[in-house]
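K.L.:
Mind having a look at this structure? Questions to follow.
The values are calculated or read from the model by the stated rules, or taken from the named source; none is laboratory data. All figures in this text were calculated on a predicted structure; none of them were measured in a lab. So basically every Cβ, Gly included, is an ideal-geometry build from the backbone, and we count neighbours across all protein chains shown.
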Amino acid sequence: MTKYGKKILNIINASCEHMTAEQIFLALKKTEPKVVLATVYNNLKTLCDTQMIRKISIEGSVDRYDRMEKHDHLICRKCGRVTDIAFEDLTKKLEEQLGERILSYDLRISYLCPACKNQ
Ligand SMILES: [Zn+2]
Ligand SMILES: [Zn+2]
């Protein structure tokens, strides 16, 4: 892994904010002023390809990046805010219904976040 790759991984693992490439770039720039955005994109792609991080793609919104640690997501239909939530692990139940082993699953709950609900 490159020097930048390691730093980008640290930034993502330390954040619960589901950062965009641009936000990661700005965070990295604080310690690596010479880094360019293209380098961040290249490293993000490599980190995704090697399953060190995961990408969250939401229709109509820019891609966000997240740590691999098992958790689920609540996504506000109105403001697009992504919130972490840990539901019980459904792997066993899903495997029973499918009759096959599954490698992973991606659970996203669409809802209205408290701020949008109170508007
Ligand atoms: Zn909202
Ligand atoms: Zn998350």
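K.L.:
Among (1) touching a residue at least 24 places away in the same chain (Cβ under 8 Å); (2) among the β-branched types (Val, Ile, Thr); (3) out of contact with any strand residue (DSSP E or B) (no Cβ under 9 Å at 6 or more places or on another chain), where does residue 50 come up short?
P.N.:
Looking at each condition in turn, residue 50 falls short on (1).
K.L.:
Mind checking which helices (runs of 4 or more DSSP H) fall wholly inside the stretch 17-119 and carry at least 2 residues that are surrounded by 14 or more Cβ atoms within 10 Å (Cβ to Cβ) and touching a Cys at 6+ places or on another chain (Cβ under 7 Å)?
P.N.:
In the stretch 17-119, there are no helices (runs of 4 or more DSSP H) which contain 2 or more residues that are surrounded by 14 or more Cβ atoms within 10 Å (Cβ to Cβ) and touching a Cys at 6+ places or on another chain (Cβ under 7 Å).
K.L.:
So, one more: Of all the residues that make up the stretch 58-78, how many are among the basic types (Lys, Arg), within 13 Å of ligand 2 (Cβ to nearest atom) and at pLDDT 90 or above?
P.N.:
The total comes to 2.
K.L.:
Just one of the numbered conditions (1) of a type in the set (Lys, Arg); (2) within 16 Å of ligand 1 (Cβ to nearest atom); (3) over 27 Å from residue 1 (Cβ atoms) is not true of residue 64; which one?
P.N.:
Of everything listed in (1) of a type in the set (Lys, Arg); (2) within 16 Å of ligand 1 (Cβ to nearest atom); (3) over 27 Å from residue 1 (Cβ atoms), residue 64 misses just condition (3).
K.L.:
Let me ask something additional. Within the stretch 8-17, is there a residue that is within 16 Å of ligand 1 (Cβ to nearest atom), touching a strand residue (DSSP E or B) at 6+ places or on another chain (Cβ under 6 Å) and more than 15 Å from residue 104 (Cβ to Cβ)?
P.N.:
Within the stretch 8-17, not a single residue is within 16 Å of ligand 1 (Cβ to nearest atom), touching a strand residue (DSSP E or B) at 6+ places or on another chain (Cβ under 6 Å) and more than 15 Å from residue 104 (Cβ to Cβ).
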